[in-house]
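Written out below as structure tokens is the structure these notes cover.
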Amino acid sequence: MYQVIARKYRPQTFADVVNQEHVKTTLENAIAQNRIAHGYIFSGQRGTGKTTVARILARCLNCVQGPTNKPCGVCASCLEITAGGSLDVIEIDAASNRGINEMRELRENVRFQPARDRYKVFIIDEAHQITNEAFNALLKTIEEPPAWAVFMLCTTETHKIPATIASRCQQFSFRAVDFEALTARIAWICEQEGIKADAEALAVLAQAGEGSVRDSLSALDQAIACCGDTLAAAEVRSLLGTFSLDSLQQVSQALLDGSSARMLEVVDELERNGHNLQHFSRELARYFRNLLVARIAGGDTRLIAASAAERHRAAEIAAQFSEEDLTRYLQLSLDVFRDLQFSLQPRFHLELGLLRMVQAGRLVSIEEALAGLGGEGASGRGGERAKNPSPITHNASPAPAPGTQHSAPSSWRDKLHATLMELGLTFTADAIEHSEVVEANGELQFTTPREFSLAMKPDDINQAVKRIAGKPMKIKVTIGNAGAPAKAAPPPAAQANELSERALANPEVQRFRDVFGGEVRAIRNLKE
Ligand SMILES: Nc1ncnc2c1ncn2[C@@H]1O[C@H](COP(=O)(O)OP(=O)(O)OP(=O)(O)O)[C@@H](O)[C@H]1O
Ligand SMILES: [Mg+2]
Ligand SMILES: [Zn+2]
């Protein structure tokens, strides 16, 4: 009979369990010192080895040679536990036995000594499904268990286990299995099964599981059923609905080129090749997440689940963007992903999302712009980004101490701006950035320059305000020039002239004007 790979290769010893080192070591030490607890909670993501480890621990405890770290695997107890037929290892699926009657039954059962073996082990799978009353019934037993009883609660949702129970158990959290370990495990299984799979195909399968060994092995089953004993990356990809890096890289290239036309072509190609656009949007978000991580942590980082070659390629691409750009693209791609979940017009939404990314453009940080000016002939205004940006040194005037640069009113502006960006409402965020914001009489008053007034969408602002303040506030928008020094009384003319001459002669100020242009409207002496 055909047995699915995940079951066929369920680890039988701690050594076979990949990745969960902290769990294995602690349990092995406990067994070696004969310090067996009466209650264990194994928690963590699905398919990472919780039930597997519970069964291995049961074997360790009940093997004739035991308690031992290395169950023999051949005694009656070991064999029965593997087959799921041991009288003294009782597995309860709490998804279907979650009520008080089942727990009462269990309570009765616990009182009797083991039929043959050392311990009576209760493995309660999906333990978070147990009802509250049933937990209460169980609590009595876990509080004062007979010497032979051991409970192992497996769950993906620890927070649903009542504290009264959790505090009487030792808790182990299982991590998502990392990419390298998962790839190695799949490669090993392929070898055992006589399957030839190239490195890229293995990587695709490992990625498909997102940290769950079971999910990756299910994908492997599917790939073998479809492709036979030779797995090629392209076939596996199309089978699992993942995308080659090509189409994703076309998106980042279009962003570099600022090409809206190219974006539309990407979508068109996807449609013509019958790709699922929802899938694509998910992969796109993952892609930008990886670029952002590569930008921050470099190509050698463990934080990206991809082969070394792929990680370094990501780092190369990421280097062409700023961290801020990639953060915005990730946000925008998550928005597209969310929109596509419910969309009846996925194509339109995808197009819209990708065009928004192009429009969001790339920002040049002030430091980069100023640094770029250093070399002869570099144009600072909005175009070419500086190739090797180095931060300018502030030798002339010390930077303001953190916290002092935001007066109360502009703090509203900053918060609104950040929140709107988070929400992907970039146009309104832009408008806010150019506005003055004052809180007075419980309402927010905005003074917005005419050219930004259209972008001040009340719905967007209300949404952001609600997020920040936790409640709606009245808002009022006046069109006018933000930043004009309405309050400061003008200093005597002569003094003002001298002040402005001095300020305009300052080399930093000159550099700033060269880069950003514009006019100087007001000068204030901060020392006064
Ligand atoms: N850490 C691991 N090392 C090796 N194989 C693993 C590991 N975790 C899971 N597997 C494989 O995945 C299958 C399922 O694992 P297991 O039942 O232990 O997952 P689980 O964590 O209990 O998941 P769930 O929360 O869905 O019950 C196993 O049969 C095994 O093939
Ligand atoms: Mg399980
Ligand atoms: Zn044994």
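The values are calculated or read from the model by the stated rules, or taken from the named source; none is laboratory data. Just so you know, these numbers come straight off a predicted model, no measurement behind them. In this analysis, Cβ positions are derived from the backbone assuming ideal geometry, glycine residues included, and neighbour counts consider all displayed protein chains. Keep in mind that these areas ignore ligands, DNA and RNA; they rest on the heavy atoms of the full protein, side chains included. Shrake-Rupley method; radii C 1.70, N 1.55, O 1.52, S 1.80 Å.
I'd like the full set of residues that are among the hydrophobic types (A, V, I, L, M, F, W, C), open to solvent by 10 Å² or more (accessible area, probe 1.4 Å) and out of contact with any strand residue (DSSP E or B) (no Cβ under 7 Å at 6 or more places or on another chain), limited to the range 188-200.
Quick first cut of the range 188-200, residues among the hydrophobic types (A, V, I, L, M, F, W, C) only: 188-190, 195, 197, 199.
After this cut, where a residue has to be open to solvent by 10 Å² or more (accessible area, probe 1.4 Å) as well, the list is 188, 195, 197, 199.
If the condition is that a residue be among the hydrophobic types (A, V, I, L, M, F, W, C), open to solvent by 10 Å² or more (accessible area, probe 1.4 Å) and out of contact with any strand residue (DSSP E or B) (no Cβ under 7 Å at 6 or more places or on another chain), then TRP188, ALA199 are the ones that fit.
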### Checklist (1) open to solvent by less than 30 Å² (accessible area, probe 1.4 Å); (2) in the same structural domain as TYR329 (by TED's automatic domain parsing) applied to ALA203, failing item
(2)
### Task
Tally the residues that are small (Gly, Ala, Ser) and surrounded by 16 or more Cβ atoms within 10 Å (Cβ to Cβ), restricting the search to the range 144-165.
1
### Query
Is there a residue being surrounded by 18 or more Cβ atoms within 10 Å (Cβ to Cβ), aliphatic (A, V, I, L, M) and either under 21 Å from VAL23 (Cα atoms) or in contact (Cβ under 8 Å) with a residue 60 or more places away in the chain (or both) anywhere in the range 177-185?
yes
## Note on the structure
Those residues of the range 120-143 which are closer than 28 Å to ASN34 by Cα, open to solvent by 20 Å² or more (accessible area, probe 1.4 Å) and out of contact with any strand residue (DSSP E or B) (no Cβ under 7 Å at 6 or more places or on another chain) amount to LEU139, LYS140, GLU143
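What tally of residues in the range 107-129 results from selecting those that are away from ligand 1 (no atom under 15 Å from the Cβ) and under 40 Å from the mean Cα position of the chain (by Cα)? Don't jump to the end; show me each part of the working.
Applying the first criterion (away from ligand 1 (no atom under 15 Å from the Cβ)) to the range 107-129 yields 107-122.
Cutting the leftovers down to under 40 Å from the mean Cα position of the chain (by Cα) gives us 121-122.
So the count comes out to 2.
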### Query
Mind checking which residues of the range 210-261 are assigned to a loop (DSSP other than H, G, I, E, B) and either on the phi < 0 side of the Ramachandran plot or within 25 Å of the chain's Cα centre (by Cα) (or both)?
GLU210, GLY211, SER212, ASP229, ALA232, GLY241, THR242, PHE243, SER244, SER259
### Message
Step by step: first the residues of the range 65-100, then only those that are within 16 Å of ligand 1 (Cβ to nearest atom) and charged (D, E, K, R), then the one that is farthest from ASP16 (Cα to Cα). Which residue is that?
### Response
ARG98
### Message
Restricting to the range 83-119, name every residue that is open to solvent by less than 20 Å² (accessible area, probe 1.4 Å), more than 16 Å from ligand 3 (Cβ to nearest atom) and farther than 27 Å from ARG46 by Cβ.
### Response
VAL110
### Query
When you look at PHE321, is it among the aromatic types (Phe, Trp, Tyr) and either at pLDDT below 65 or surrounded by 18 or more Cβ atoms within 10 Å (Cβ to Cβ) (or both), yes or no?
yes
### Message
Condition (residue is under 17 Å from VAL150 (Cα atoms) and among the acidic types (Asp, Glu)) applied to the range 17-25: is it met by at least one residue?
### Response
no
### Summary
Log entry, pairs with first residue in the range 194-208 being of a type outside the set (A, V, I, L, M, F, W, C), second being crowded, with 20+ Cβ neighbours inside 10 Å, beta carbons closer than 6 Å, six or more apart or on different chains, reads GLN207/ALA305
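The rows are residues; the columns are (1) open to solvent by 70 Å² or more (accessible area, probe 1.4 Å); (2) more than 22 Å from ALA360 (Cβ to Cβ).
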| position | (1), (2) |
| --- | --- |
| PHE427 | yes, no |
| ILE432 | no, no |
| SER435 | no, no |
| LEU444 | no, yes |
| THR447 | no, yes |
| SER453 | no, no |
| GLN463 | yes, no |
| LYS471 | yes, yes |
| ILE475 | no, yes |
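So is ALA223 in contact with a helix residue (DSSP H, G or I) (Cβ under 6 Å, 6 or more places away or on another chain) and either open to solvent by 20 Å² or more (accessible area, probe 1.4 Å) or without any contact (Cβ under 8 Å) to a residue 60 or more places away in the chain (or both) or not? Before you say what the answer is, go through the steps one by one.
On the way: in contact with a helix residue (DSSP H, G or I) (Cβ under 6 Å, 6 or more places away or on another chain): yes; either open to solvent by 20 Å² or more (accessible area, probe 1.4 Å) or without any contact (Cβ under 8 Å) to a residue 60 or more places away in the chain (or both): yes.
The answer is yes for ALA223.
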### Query
What pairs come up if the first residue lies in the range 52-80 and is closer than 17 Å to ILE90 by Cβ and charged (D, E, K, R), the second is in a helix (DSSP H, G or I) and within 6 Å of ligand 3 (Cβ to nearest atom), and their beta carbons are under 6 Å apart, counting only those six or more places apart or on different chains?
ARG59/CYS78
### Message
Of everything in the range 25-64, what is under 23 Å from GLY211 (Cα atoms), open to solvent by 20 Å² or more (accessible area, probe 1.4 Å) and away from ligand 2 (no atom under 16 Å from the Cβ)? Give them in sequence order.
### Response
THR25, THR26
### Query
Out of all the residues in the range 1-24, which are within 16 Å of ligand 2 (Cβ to nearest atom) and aromatic (Phe, Trp, Tyr)?
TYR9
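Conditions tested, residue by residue: (1) surrounded by fewer than 20 Cβ atoms within 10 Å (Cβ to Cβ); (2) modelled with pLDDT under 90.
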| site | (1), (2) |
| --- | --- |
| SER281 | no, no |
| GLU310 | yes, yes |
| GLU316 | yes, no |
| TYR329 | no, no |
| PHE337 | no, no |
| HIS349 | no, no |
| ARG362 | yes, yes |
| GLY375 | yes, yes |
